[in-house]
Structures are given as C-alpha cells and as structure tokens.
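Here, each number is a calculation from the coordinates, and none is a lab measurement. Since the model is a prediction, treat every value here as computed from it, not as a measurement. Please note: Cβ atoms are built from the backbone with ideal geometry, for glycine as well, and neighbour counts cover all protein chains shown.
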C-alpha cells in the first residue's frame, strides 16, 4: 500500500459513517446516499494532497454536500418520506461527530426521524451539519456562502419547522 493511500485511509475512512448519514439525510434514500458517498470519496481521492480545508471531516462533508446537491439537481430528485430508517450513527463510536455537540440521535425515535425527513433539504442539511456533525456557524457560513447572521436565522427557522413537525417543543433553541 502506498503512502498516499495510507494517509487517505487514515484521514478520511474514519468519517465514512458520518458521510453516509449526512448523504442519507440529504436525499432520503439509502441507495442514492451510498452512490453519493462513493462519488464523494472518488473526488476526494482525486483531490487528495491538494491544498484544502485543514479539517478532513469538514472537507469530506463539503464534498458530500456538493455531490448531493448536484445529484438532486441533475436527477430532478423527488423524495418521498415513507417509513424512514434510523441513522446508522453509533454515539459510542469513534466515528461520531463532536461528542460535546447535541446530536440528532439524542432526540431520535420514529416520529423524530419522520419529522426530520419531512423538512426541506436546506433545513435538514443545516440541522444535521450543526447538531449532529458539530459544525460551527463559521464553518457553515464558509460552506453555504452566507453570513453568520443568516446561518442563525436559517438554523432557527429549521428548528422551528422541526418543532412544528414534531408537534411539541422537544427541539429547543
């Protein structure tokens, strides 16, 4: 095994679960999520070694987001929320996101997953990135090309929509 491959595996394969979970919540389909992750890793391999985001997880999830957005746009993807399957996230796994961040799985349950799945993709992406993956407002701002204030507004709207979908106040600001 070459040095590039060893470094790639060490830096990026540890984030495979997070990449899949994020892709799934963007497209709400297991097969499409797997294809998006595979395409994202192929792109990461091609770009590996070039100057990029210092944080490998942030860089990989950025690739997943861009790949998913292109996937949705190019295929005119229409999601149907029927019997969503919970995330494959394991809170005790070393592959988990920031353990100090609130996680999507802490509030998990069939009604929670179904409610999250009914939200618009832009709300799912910001909630999953911020709450489950622990992205900061600064990282979200850089990725989405909007100000920190707009991030706060969008996150608040996403939380409010999730609360409405849940029919209660389990998702607090």
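For this structure, a couple of remarks:
- Per the Cα gyration tensor, the range 1-70 maps to an equivalent ellipsoid with semi-axes of 21, 12, 10 Å, ordered largest to smallest.
- Translational diffusion of the range 111-158, µm² s⁻¹ [Kirkwood Rh, Cα pairs; Stokes-Einstein; 37 °C; 0.692 mPa s]: 303 µm²/s
- Annotation: extensible slack from residue 46 through residue 70 equals 6.8 nm (criterion: 0.36 nm per residue apart, minus Cα-Cα distance).
- Highest-first arrangement of 124-136, 142-154, where packing means the average Cβ count within 10 Å: 124-136, 142-154
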